[in-house]
Amino acid sequence: MNLHVKSEAAATLSRRSLLKAGAGFVLATYVARNGIAYAQDAAAAKSVNIAPNTFLVIGQDDTVTVLCKHIEFGQGPFTGMATLVAEELDADWAQMRADHAPSNPVLYKNLAFGVQGTGGSSAIANSYEQMRKVGAAARAMLVAAAADEWKVPAEEITVEKGIIRHTSSGKQSGFGALAAKAMQQPVPANPPLKDPSAFRLIGKDGAVTRLDSVAKSNGSAEYTLDIKDPGTLTVLVARSPRFGGKVASFDAAAAKAVPGVIDVREVPNGVAVYAEGFWPAKTARDLLKISWDDSKAEMRGTAQLLEEFRARAKKQGALVKQEGDVDAEIAKGGRLIETEFVFPYLAHAPMEPINAFLHWKGDTASARYGSQFPTPDHAVIAQVLGLDIAKVDLKTILAGGSFGRRAQQSTHVALELAQVAKAIGPGRPVKLVWTREDDMRGGYYRPFSLHRMRGVVRDGKIVAWSDTIVGQSIMKGSAFEAMTMKNGLDSTAYEGSNEIPYQVPNFRCDLHQVDVGVPVLWWRSVGHTHTGYAVEAFVDQLLEAAGQDPVEGRLAMMADKPRHAGVLKAVAKLADWKGAKVEAGRARGVAVVESFNTFVAQVVELSMGAEGPVVHKVWCAVDCGVAVNPDIIRAQMEGGIGFALGHILYAQQPLDEGRPVAGNFDSYRSLRINEMPEVEVVIVPSTEKPSGVGEPGVPPLGPAVANAMAKLGLPRPTQLPIRPGDSA
Amino acid sequence: MAAFTLKINGREHQVDVDPGTPLLWAIRDNVGLTGTKYGCGVAQCGACTVYLDGQTVRSCSLPVSAVGKSEVTTIEGLTGKEAVAVQKAWVAHDVPQCGYCQSGQVMSAAALLGLNPKPTDQDIDLAMNGNICRCATYVRIRAAIHSAAKTLEG
Amino acid sequence: MSLVRTGTMALLAGSLVAIAIATYPGLRRADAAPEASRVAGSLKPVADFGGIKDKNERAVALFEEAGKVLQSPRCMNCHPAGDRPTQTDRMIPHQPLVVRGEAGMGAPGGLACTTCHHEANFDAARVPGNPKWQLAPIEMAWQGRSLGQICSQIKDPKLNGGKTMAQLVHHMAEDELVGWGWTPGAGRTPAPGSQKQFGELIKAWADAGAACPKG
């Protein structure tokens, strides 16, 4: 196995040549499930690739480009992967670069999934050892090359900040000059890794800066919407205003007459307009006259769904977890407290709406866009175009946010992309663009859900806890169903509710898994977006009834949860917690939630303004195991807090007789800078395995706000968002 | 369709578009400058911010027919000491996450410092709240603007 | 066994919610403020008021009719009592946050009106526009005021920008920003009647002695 040498020609290094170079690139076994096929076999799914030639491009100019198997959309894997590699490679940070790896499930699979994809805050967690080994292997190969070149023992060679050196002979070299020779060296099977005490990049504040900041500050970073390959057609699709609706008939005469419009074709998802540029496409789409067949469409509105969910919640659902006997405990007496929490459909609304690019040339095809799950996307494009997957390449590029939206278990965007290409035929590239309204009204929302909570407080203690959840499955019917569903129940609907961090002797969690014809999807922190709120607002309410302090009361029930307790203590210290009491009209609330093996506690300080709660400050403690990039961890906590706050205050996607109502940021209000609280973050030192930070900053914020509001004498909001009437 | 001459970043560009085409799409699709982003199309998010004769405008809410002889500046043509200070501070604070809104943020921040070299937090709120960042990088945007203001003091 | 039920459905919490709603307008449920119809209302012609013998009574009635325009969201949104305009038929706070500033065009260095609003309505972006687009000065605040108070303000030269009654009538009947109220662009309910009718009502009110409604 060899290191790629970046020469002038290597600037145009073909993705396919990389693929060919990778051993085991055999997409022999297609697993077909629900019409979605993607390549994988059991052995390949378990192998761990540490071959530097597939992950690193070392240039003659000494630059080291890490091919990142995760999509970069702000959460920082470019910098994270490069940190891991550079640490073991003993590279200088200034020589590090990053780019996306091409689609290849064998070489670039997420070790947590077995296929290539980003999600579940898993980038650092699943790459920590792998990418360090890649760096260590490359270092060993460079050292071996130097030893060979200089005729000195390898043991006498040192590598420091990108310089390979043999002190006694005075010989030294950068990586670039030796990369060609390093190609000849065997890849060590198990290169030794540094002891953490020797780290100079991992966990060191200020040692690395983001690799993508410059291009993202001067407008040069390229996103899918920016692709302008010659001849590219912009494609807008008119889709049913209701989920499940189909085209009955349409009249495209006026649309076709718009200058710049090339064609209008019916596609499975609606009617596609092909034009030279966005504005002609949008103008023409507005002129289409389409009659929709709603016979199989979801016609219910959210008000009706709420009634149905409430009715279901009166009865116990399928048992998820049970300890002791909740009903017997309720019968014994004590103070029974019952609360309902209702969570709306939420759009992800990433800053860059959904889009994708594909050039079908007949025998081959090239796709390029912010694909978060390249493996299934790749397979579905090949399948629709009737091409062998080896004839199709897919390159992930930067995406303007995701929050889960671009990880499509249904592959619906890849499918639509391939279908619009197929409908017009090979030749000109197509750029499928969703408008903001398409994005907001296009479904794939955080599921609408309801929690009916019951708890008993007796003698100052919480003695019973019951959580009946009504919600929709994200995974049902998807290619990931087998991975994530147990006994027909979707764990993402109850994760966090079934395992609460508190010792309660009588406990029950049950689920009504409801089918609704609205496509739903994971949304930044998935089930924890609602279970975190339900559990943490409710435990606070019970502790209040028990006359206990929100921090002390939680800690007293966390004897066997040291990491939960650790972040809770850390945030109490950071915020100088002296109870949730009100001072000068301000009150504090606290919450602690574990998600994706990362533990986050937050204290919120707020007051009530004329228009609702004003959050002044948030203190945040996070334990994500070994902290690889402290500043990115802080950034993700800050961003997670702002993202969560905007949604719990303002955001919902109501359905009116099945039609999503909110269409843009005027009706789906987003947090703005004047509403952003001050944020202080402490990273709790840990030697546990590193875990992710993209999502876990989100869940505690909502309940901490609710709990602070309660201290001001307001009810904890039982139906989100807190200010639903605020949007236009 | 009609022919328009747009003066963008000091150069003249001929575009042949419908007069009602938002300036944003003429800049992106006809002139080929893609640093200016589409985020909402309804002047809510600020990702499409450019300067028209030095004043910030949302290029999605201005038709090409209304540009006239005004000079358009996009992120690609952004110059001046405020712009340099802002972009340096953006990198020093690692402000961007996904980065998609940041062209607009940088344009608004540089314009703010041009008019108000030492903005308070409230000044920043008033100037920058028209730029939505879904990643909520607001803490760092604020810090970076203060840093840039400091460097401009010299 | 003491049974405390909480939640929006329960009586106790329900009353708390009611208090919260009364205290904090921001906590209204979405369905509490349905979108107003976009069909413009009408104005009675001046002739309809000829039957009112008493001059002052006639003036008051004429002003009350003209008040349908003054108190329409199209006019009220940019005559806020605070620094921030409102928007839409529901008159919710303007998003993004913009303030009057010294010249009624936005804060210095902050968001100027002209960042988004240009010479004309631009329906493609749902953004209204007018060459004179700006906020009324604070002394011309109408929001939260009774029609009688608005009337007194309007005819007081110290509060109306130094206008004589003739200038005021001309302003109402001819000003292009006032006129925008009847051509506000897609998605916005126009002010009732027409600017011509409105101007005639104001002129007739002035001619009748410009008495103001009580209160």
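Provide a single number: the residues in segment A:611-657 that are of a type in the set (D, E, K, R) and away from chain B (no Cβ under 14 Å). Spell out the reasoning first.
Step one: list which residues in segment A:611-657 are of a type in the set (D, E, K, R), which gives A:611, A:617, A:623, A:631, A:634, A:638, A:656-657.
Filter once more, keeping what is away from chain B (no Cβ under 14 Å): A:611, A:623, A:656-657.
Residues flagged as of a type in the set (D, E, K, R) and away from chain B (no Cβ under 14 Å) within segment A:611-657 amount to 4.
Would segment C:70-86 turn up any residue that is modelled with pLDDT of 50 or more, assigned to a loop (DSSP other than H, G, I, E, B), basic (Lys, Arg) and more than 30 Å from residue A:719 (Cβ to Cβ)? Reasoning before the result, please.
Within segment C:70-86, the first condition is being modelled with pLDDT of 50 or more, and the residues that meet it are C:70-86.
Checking the rest, the ones that are also assigned to a loop (DSSP other than H, G, I, E, B) come to C:71-72, C:77-85.
Pick out the ones that are also basic (Lys, Arg) and you get C:84.
Next cut, more than 30 Å from residue A:719 (Cβ to Cβ) only: none.
There is no residue in segment C:70-86 that is modelled with pLDDT of 50 or more, assigned to a loop (DSSP other than H, G, I, E, B), basic (Lys, Arg) and more than 30 Å from residue A:719 (Cβ to Cβ).
For residue B:68, indicate whether it is facing another protein chain (nearest Cβ under 7 Å), on the phi > 0 side of the Ramachandran plot and part of a loop (DSSP other than H, G, I, E, B).
Values: facing another protein chain (nearest Cβ under 7 Å): no; on the phi > 0 side of the Ramachandran plot: yes; part of a loop (DSSP other than H, G, I, E, B): yes.
When the stated conditions are applied, residue B:68 does not pass them.
Taking residue A:510 as the residue in question, decide whether it is within 24 Å of residue A:599 (Cβ to Cβ) and of a type in the set (Asp, Glu).
Details: within 24 Å of residue A:599 (Cβ to Cβ): no; of a type in the set (Asp, Glu): yes.
Here the answer is no, as residue A:510 does not meet what is asked.
Can you pull out every residue in segment B:5-23 that is in a loop (DSSP other than H, G, I, E, B) and either aromatic (Phe, Trp, Tyr) or over 13 Å from the mean Cα position of the chain (by Cα) (or both)?
Of all residues in segment B:5-23, those in a loop (DSSP other than H, G, I, E, B) come to B:9-10, B:18-21.
Hits for segment B:5-23 are B:10, B:18, B:19, B:20, B:21.
Only residues that are surrounded by fewer than 17 Cβ atoms within 10 Å (Cβ to Cβ) and within 14 Å of chain B (Cβ to nearest Cβ): list them for segment A:255-286, please.
A:257, A:259, A:286
Any residue in segment A:565-588 that's over 15 Å from residue A:616 (Cβ atoms): show its pairings with residues that are acidic (Asp, Glu) at Cβ separation under 6 Å, as long as the two are six or more apart or on different chains.
Hits for this filter: A:566/A:623; A:567/A:623; A:579/A:549.
Taking the condition modelled with pLDDT under 95, within 30 Å of residue A:699 (Cβ to Cβ) and hydrophobic (A, V, I, L, M, F, W, C), does residue A:414 pass? Show your work before the answer.
Details: modelled with pLDDT under 95: no; within 30 Å of residue A:699 (Cβ to Cβ): yes; hydrophobic (A, V, I, L, M, F, W, C): yes.
Taking the combined requirement at face value, the residue does not satisfy it.
Taking segment C:102-128, which residues are touching a residue at least 24 places away in the same chain (Cβ under 8 Å) and more than 7 Å from chain B (Cβ to nearest Cβ)?
C:103, C:104, C:105, C:121, C:123, C:128
In the list B:86, B:106, which residue meets the criterion of being in contact (Cβ under 8 Å) with a residue 60 or more places away in the chain, facing chain A (nearest Cβ under 9 Å) and buried (at least 24 other Cβ atoms within 10 Å of the Cβ)?
On the way: B:106 fails: in contact (Cβ under 8 Å) with a residue 60 or more places away in the chain.
Every option except B:86 fails the conditions.
Name every residue in segment B:2-36 that is of a type in the set (Ser, Thr, Tyr) and surrounded by fewer than 18 Cβ atoms within 10 Å (Cβ to Cβ), in order of residue number.
Going through segment B:2-36, the residues of a type in the set (Ser, Thr, Tyr) turn out to be B:5, B:21, B:34, B:36.
Within segment B:2-36, just B:5 meets the criteria.
More than 25 Å from residue B:104 (Cβ to Cβ), within 7 Å of another protein chain (Cβ to nearest Cβ), in contact with a helix residue (DSSP H, G or I) (Cβ under 8 Å, 6 or more places away or on another chain) and surrounded by 20 or more Cβ atoms within 10 Å (Cβ to Cβ), is that true of residue A:724? Quick ask: steps written out before the conclusion?
Working: more than 25 Å from residue B:104 (Cβ to Cβ): yes; within 7 Å of another protein chain (Cβ to nearest Cβ): yes; in contact with a helix residue (DSSP H, G or I) (Cβ under 8 Å, 6 or more places away or on another chain): yes; surrounded by 20 or more Cβ atoms within 10 Å (Cβ to Cβ): yes.
Here the answer is yes, as residue A:724 does meet what is asked.
Which residue is farthest from the chain's Cα centre (by Cα), if the candidates are limited to segment A:345-376 and must be part of a loop (DSSP other than H, G, I, E, B) and of a type in the set (Phe, Trp, Tyr)? Let's see the steps before the verdict.
Restricting attention to segment A:345-376, the residues satisfying the condition of being part of a loop (DSSP other than H, G, I, E, B) are A:345, A:347-354, A:361-364, A:370-373.
From what's left, of a type in the set (Phe, Trp, Tyr): A:345, A:373.
On the way: A:345: 17, A:373: 11 Å.
Among those that are part of a loop (DSSP other than H, G, I, E, B) and of a type in the set (Phe, Trp, Tyr), it is A:345.
Confirm whether residue A:594 is more than 14 Å from chain C (Cβ to nearest Cβ), buried (at least 23 other Cβ atoms within 10 Å of the Cβ), under 17 Å from residue A:681 (Cα atoms) and of a type in the set (Asp, Glu).
Working: more than 14 Å from chain C (Cβ to nearest Cβ): yes; buried (at least 23 other Cβ atoms within 10 Å of the Cβ): yes; under 17 Å from residue A:681 (Cα atoms): yes; of a type in the set (Asp, Glu): yes.
Yes.
For segment B:36-64, give me the residue count where each residue is assigned to a strand (DSSP E or B) and not aromatic (Phe, Trp, Tyr). Before the answer, list the steps.
Let us first name the residues in segment B:36-64 that are assigned to a strand (DSSP E or B), namely B:49-52, B:55-58, B:63.
Right, trim to not aromatic (Phe, Trp, Tyr) and you get B:49-50, B:52, B:55-58, B:63.
Number satisfying all stated conditions: 8.
Return only the number of the condition from (1) farther than 25 Å from residue A:576 by Cα; (2) surrounded by fewer than 24 Cβ atoms within 10 Å (Cβ to Cβ); (3) among the polar types (S, T, N, Q) that residue A:686 does not satisfy.
Every condition holds for residue A:686 apart from (1).
Out of everything in segment C:129-159 that is crowded, with 18+ Cβ neighbours inside 10 Å and more than 16 Å from the chain's Cα centre (by Cα), what residue ends up being modelled with the lowest pLDDT?
Within segment C:129-159, the match that is modelled with the lowest pLDDT is C:155.
For segment B:21-49, which residues satisfy the criterion of being among the small types (Gly, Ala, Ser) and out of contact with any Phe, Trp or Tyr (no Cβ under 8 Å at 6 or more places or on another chain)?
If the condition is that a residue be among the small types (Gly, Ala, Ser) and out of contact with any Phe, Trp or Tyr (no Cβ under 8 Å at 6 or more places or on another chain), then B:32, B:35, B:41, B:43, B:46 are the ones that fit.
So which of A:315, A:332, A:321 is touching a Cys at 6+ places or on another chain (Cβ under 9 Å) and outside the structural domain of residue A:429 (by TED's automatic domain parsing)? Before the answer, list the steps.
On the way: A:315 fails: touching a Cys at 6+ places or on another chain (Cβ under 9 Å); A:332 fails: touching a Cys at 6+ places or on another chain (Cβ under 9 Å).
Testing whether each residue is touching a Cys at 6+ places or on another chain (Cβ under 9 Å) and outside the structural domain of residue A:429 (by TED's automatic domain parsing) leaves just A:321.
Would you call residue A:681 within 10 Å of chain B (Cβ to nearest Cβ) and out of contact with any Ser or Thr (no Cβ under 9 Å at 6 or more places or on another chain)? Full working, then the answer.
Details: within 10 Å of chain B (Cβ to nearest Cβ): yes; out of contact with any Ser or Thr (no Cβ under 9 Å at 6 or more places or on another chain): yes.
When the stated conditions are applied, residue A:681 passes them.
Quick test of your reading of the structure: residue A:704 fulfils all but one of (1) among the small types (Gly, Ala, Ser); (2) farther than 28 Å from residue A:81 by Cβ; (3) over 23 Å from the mean Cα position of the chain (by Cα). Name the failing condition by number.
(3)
Determine whether residue B:26 is within 11 Å of chain A (Cβ to nearest Cβ) and either touching a Gly at 6+ places or on another chain (Cβ under 7 Å) or in a strand (DSSP E or B) (or both). Step through it out loud before you land on a result.
Numbers: within 11 Å of chain A (Cβ to nearest Cβ): yes; either touching a Gly at 6+ places or on another chain (Cβ under 7 Å) or in a strand (DSSP E or B) (or both): no.
No.
Restricting segment A:206-225 to residues that are farther than 28 Å from residue A:87 by Cβ and buried (at least 21 other Cβ atoms within 10 Å of the Cβ), which is farthest from the other protein chains (Cβ to nearest Cβ)?
A:224
Name the one entry in A:717, A:685 that is on the phi < 0 side of the Ramachandran plot and in contact with a Leu (Cβ under 9 Å, 6 or more places away or on another chain). Walk me through it before giving the result.
Numbers: A:685 fails: in contact with a Leu (Cβ under 9 Å, 6 or more places away or on another chain).
Being on the phi < 0 side of the Ramachandran plot and in contact with a Leu (Cβ under 9 Å, 6 or more places away or on another chain) holds for just one of A:717, A:685, which is A:717.
Of A:603, A:626, A:622, A:571, which residue is in the same structural domain as residue A:498 (by TED's automatic domain parsing) and touching a Leu at 6+ places or on another chain (Cβ under 9 Å)? Full working, then the answer.
Values: A:626 fails: touching a Leu at 6+ places or on another chain (Cβ under 9 Å); A:622 fails: touching a Leu at 6+ places or on another chain (Cβ under 9 Å); A:571 fails: touching a Leu at 6+ places or on another chain (Cβ under 9 Å).
The unique qualifying residue is A:603.
With the condition being in contact with a helix residue (DSSP H, G or I) (Cβ under 9 Å, 6 or more places away or on another chain), of a type in the set (Lys, Arg) and under 30 Å from residue A:261 (Cα atoms), I'd like the strands (runs of 3 or more DSSP E) fully within segment A:427-521 carrying at least 1 qualifying residues.
On the way: elements: A:430-433, A:449-458, A:461-472, A:506-514.
Passing ranges, in order: A:430-433.
Answer with yes or no whether residue A:151 is basic (Lys, Arg) and in contact (Cβ under 8 Å) with a residue 12 or more places away in the chain.
It is false that residue A:151 is basic (Lys, Arg) and in contact (Cβ under 8 Å) with a residue 12 or more places away in the chain.
The values are calculated or read from the model by the stated rules, or taken from the named source; none is laboratory data. These figures come from a predicted structure and were not determined experimentally. Here the Cβ is made from the backbone with ideal geometry for all residues, glycine too, and neighbour counts use every protein chain on show.
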